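The values are calculated or read from the model by the stated rules, or taken from the named source; none is laboratory data. Computed from a prediction, not measured in an experiment: that's the story for all the values here. Here the Cβ positions follow ideal geometry from the backbone for every residue, glycine too, while neighbour counts run over all protein chains shown. For accessibility, only protein heavy atoms count, side chains too; no ligands or nucleic acids. Shrake-Rupley method; radii C 1.70, N 1.55, O 1.52, S 1.80 Å.
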Amino acid sequence: MPINIKSIFKINVSSSEPLTEWLNHPNSLTDKLYQIKGDARIQLLSQSWTYTDWWDRYLLQIPDEKVFQREIIMKSHGIPYWYARSIIPKKCYELDPVFFGRLQNESIKNLIFDREKVSRLQCINYPVDQRCLEYYWVKKNLDVTGVLWLRLAEFSFQHKESFYLVEIMLPELETITP
């Protein structure tokens with residue numbers, strides 16, 4: 001199901017050049033962070049079935065009543081660099097519960113880069129601030145201010161159903177230099 005980009009609240013701001021490189025990186029951000037910093041660790045915030053909310057229904061156009069949602073913060077040497085939320089509609093999850101069950105012990109990157117079953121359909125970037133719902137996903141876990149940048153990717157599973165990955169970049173990410 002295509003992402004409803006008309007539902008995105010528009011903020012007139014541009015991303016910095018270093019941040020744009022992260023937003024447009026086609027491969028694993030975790031691997032890139034590890035290559036540069038020598039450390040990349042997930043802090044699992046939550047992982048459970050939840051009722052589909054307004055954002056899921058109108059922006060992602062998910063008709064399912066429930067989604068499997070996983071929230072993490074990616075850190076390197078104790079410094080948080082991004083917040084991520086995986087959203088897997090029930091219909092998609094049920095295609096292969098064993099595959100998605102790997103999230104109990106593995107990173108989503110291990111699933112996304114399994115080229116046999118998963119392909120990226122689209123990826124969009126946009127800024128969020130205190131007027132945006134997405135901003136408060138981060139705010140409830142970290143003390144943030146100002147504009148944050150979000151990367152939203154839609155993935156096709158077995159060419160049948162979609163699941164989504166939201167990554168909200170934190171300001172510290174702009175300070176990383178290779």
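Summary table below
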| read-out | value |
| --- | --- |
| Positions within segment 63-79 being β-branched (V, I, T) and open to solvent by less than 10 Å² (accessible area, probe 1.4 Å), in sequence order | V67, I73 |
| Evaluation of L103 against (1) open to solvent by 10 Å² or more (accessible area, probe 1.4 Å); (2) touching a strand residue (DSSP E or B) at 6+ places or on another chain (Cβ under 9 Å); (3) modelled with pLDDT under 95; (4) not charged (D, E, K, R) (one fails), failing number | (1) |
| Check on T52, open to solvent by less than 60 Å² (accessible area, probe 1.4 Å) and over 22 Å from W149 (Cα atoms) | yes |
| Number of the condition not met by S14 [criteria: (1) open to solvent by less than 10 Å² (accessible area, probe 1.4 Å); (2) under 16 Å from M169 (Cα atoms)] | (1) |
| Residue ID - least open to solvent (accessible area, probe 1.4 Å), chosen from residues in segment 80-98 that are in contact with an Asp or Glu (Cβ under 8 Å, 6 or more places away or on another chain) and farther than 24 Å from W54 by Cβ | Y81 |
| Cβ pairs under 7 Å, 6+ apart, first in segment 73-100 and in a helix (DSSP H, G or I), second surrounded by 19 or more Cβ atoms within 10 Å (Cβ to Cβ) and polar (S, T, N, Q) | C92/S162 |
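Here's the yes/no breakdown for (1) of a type outside the set (D, E, K, R); (2) exposed (fewer than 13 other Cβ atoms within 10 Å of the Cβ); (3) within 22 Å of T52 (Cα to Cα); (4) at pLDDT 95 or above:
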{"position": "R131", "(1), (2), (3), (4)": "no, yes, yes, no"}
{"position": "G146", "(1), (2), (3), (4)": "yes, yes, no, no"}
{"position": "S162", "(1), (2), (3), (4)": "yes, no, yes, yes"}
{"position": "V166", "(1), (2), (3), (4)": "yes, no, yes, yes"}
